[in-house]
Amino acid sequence: MSLEEIKSWITLHKEEIFANDAVGTGCFSYLPGEVIWAVTKRCNLWCKHCSISEEDPEELSTEEGFGLIEDAAKLGPVKFGFTGGEPLLREDIYDLIEYAASFDMQVVMATNGTLITNDVAKSLKKAGLERAAISIDGIGTAHDDFRGVHGVFDAVLRGMRACEEEGLAVQLFTMVTRYNYAEIAKIIKLADDLKLWRIYLIYLIAMGRGKEIAEACLSTDENMRFFDYVAGKQGEVKVWLKPICNPQYWAYLKHEGLVDHDSGITFTGCTAGITRFHIFPNGDVTPCAYLPAKAGNIREKSFLEIVRNSEMFKALRARNVKGQCATCSYKRICGGCRSRAYAIFGDYLADDPICSLGMKQ
């Protein structure tokens with residue numbers, strides 16, 4: 001696939017991509033925002049990479065969840081996501097989804113997919129869920145090994161079929177690590193064969209249990225080769241391949257001339273604490289699922305007050321980043337992964353050590 005063919009594919013599909021991901025703003029990020037609530041730390045799997053593995057059973061109540069949803073809706077037509085742990089283990093999950101869907105918000109869920117039967121898929125659809133993001137990190141036993149339970153892959157496929165039969169849209173979440181890199185092409189083929197819309201290709205951030213497999217994170221050179229692979233592969237398949245926790249990809253598209261300046265495409269790069277907000281089960285508000293630095297807690301201050309007035313979020317909105325990220329000409333369209341900076345340096349404003357684009361200008 002030549003650069004011109006890849007560029008043509010991106011240009012050809014930009015309206016479809018923007019319509020689903022940016023509410024027509026011409027920007028590769030969901031605006032006005034993404035509010036993601038991890039409703040529980042409970043899970044039926046034991047994944048190698050899990051970032052939410054610390055033992056802490058505390059969870060917001062149903063009423064506290066309703067209050068969070070009301071506050072999130074005041075930001076505008078945001079994407080509101082339920083995650084975990086495994087959110088389907090939460091007894092009131094359908095009530096929470098139904099309440100979120102009563103507002104002008106896109107309601108989605110990240111799930112491991114193993115608990116989805118036809119009845120569950122039907123109930124999720126009826127409650128107002130628009131899309132289930134189901135995790136697949138390998139094919140067959142490769143997925144089972146990554147997720148820590150035998151037979152999980154078959155259960156995931158059953159869950160995906162149930163969603164399809166009940167008319168519930170599905171996309172994939174796939175961790176990108178050295179452990180499962182050889183599985184990526186197989187996963188893309190599966191998604192394309194199933195006519196799925198999108199795969200989030202999520203770079204491993206060494207948080208939670210992920211710290212124990214930090215060596216599985218791609219190196220700078222490996223990451224750049226991954227970008228080459230994704231860009232080339234995108235021209236061959238219909239499923240949209242979207243790297244996550246890798247804002248350098250948007251800078252890469254510009255750098256390689258795959259998106260030109262008059263295309264109408266703009267990028268916001270890392271959205272942590274800018275348009276993306278994560279709420280942990282105990283009510284802690286953070287910039288991202290992989291960045292557990294606390295900006296506030298909704299039991300102490302309202303979610304809106306935290307979003308608007310947190311010094312952490314003010315610094316992130318201003319892109320007050322350091323090091324190579326501070327002087328990079330791609331700072332506004334990338335900004336570096338703030339979670340990776342925090343995981344490696346303990347500073348969410350530090351530079352992103354995985355990036356080499358800042359040295360190639």
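The values are calculated or read from the model by the stated rules, or taken from the named source; none is laboratory data. For clarity, every value in this text was computed on a predicted model and none was experimentally measured. Glycine gets a Cβ as well: all are built from the backbone with ideal geometry, and neighbour counts include every protein chain shown. Protein only, heavy atoms only, side chains kept; ligands, DNA and RNA dropped before computing areas. Shrake-Rupley method; radii C 1.70, N 1.55, O 1.52, S 1.80 Å.
If you go through segment 304-323 one residue at a time, do you hit one that is in contact (Cβ under 8 Å) with a residue 60 or more places away in the chain, touching a Lys or Arg at 6+ places or on another chain (Cβ under 9 Å) and open to solvent by less than 20 Å² (accessible area, probe 1.4 Å)?
yes
Among the numbered criteria (1) at pLDDT below 95; (2) touching a helix residue (DSSP H, G or I) at 6+ places or on another chain (Cβ under 7 Å), which one does L96 miss?
Condition not satisfied by L96: (1).
Restricting to segment 218-262, and then to whatever is under 18 Å from I187 (Cβ atoms) and of a type in the set (F, W, Y), can you tell me which residue is farthest from the chain's Cα centre (by Cα)?
The selected residue is Y229.
Are any residues in segment 183-198 crowded, with 16+ Cβ neighbours inside 10 Å and either free of Cβ contacts under 8 Å to residues at least 12 places away in the same chain or in contact with a Phe, Trp or Tyr (Cβ under 7 Å, 6 or more places away or on another chain) (or both), and if so, which ones?
Within segment 183-198, W197, R198 meet the criteria.
Just one of (1) part of a loop (DSSP other than H, G, I, E, B); (2) touching a helix residue (DSSP H, G or I) at 6+ places or on another chain (Cβ under 6 Å); (3) open to solvent by 30 Å² or more (accessible area, probe 1.4 Å) trips up I116, so point out which.
The number of the failed condition is (3).
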